[in-house]
Amino acid sequence: MRNNNFTGHRVDTGSLPRITGSRRDAEIWKFKINDWFKREGITTDENKFSYTITAVEDNIVRILMEKEKEVNRALTLDECVKLIKKKYWRENLKEDKLSQLKKIIITPNENLYDQLDFNYKSYISVIDYENALRQRGRIYEMVAMADVDNLEDACRLAEKFESIINKS
């Protein structure tokens, strides 16, 4: 038990449920932290919000604090959970898109890599491109054996090998 400035009485913050890393299910976390609030006698929205801020990752803290400032009051747990879900949904959506992009089968004469935003290009490696080429066996073997260091070179080689194969 630790003395806590939020409530003025001793609260076991060591058992405070946290939502971090791979434990990002906001609904389960909401259930756990609500139970913790009841056990610790935390009843006001202001105190609940203070502990919620303690229980989340820094990038979520910023979002919650900005919203608190916008509405000029402590957020309820439901409002916090809604914002947390929105943030993690966006992150998962971005990861899903990237995963799908990496699985795309590159078709001849269509260099999708060149159409990507610069920030996304850094997420795709030569190995990802090689994996996309696996469906086109001979070209994949040639690019894989060429031992290139960057994706631009891998794309150029694949296009070159594609045109050579198509001409023969």
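Read the figures in this text as sums done on the coordinates, not as results from a lab. What you see is a predicted model; the values in this text were computed from it and never measured. So basically every Cβ, Gly included, is an ideal-geometry build from the backbone, and we count neighbours across all protein chains shown.
With K and R counted +1 and D and E -1, the other residues having a Cβ less than 12 Å from that of ARG62 yield a net charge of -1. When the pairs LYS38/LYS86; LYS67/LYS87; LYS38/LYS67 are compared against a 18 Å limit on Cα-Cα distance, LYS38/LYS86; LYS38/LYS67 fall above it. Ranking LEU75, ILE28, ILE60 by Cα position along the charge dipole of region 24-76, where only Lys, Arg, Asp and Glu carry charges on their C-beta atoms, puts ILE28 farthest toward the positive end.
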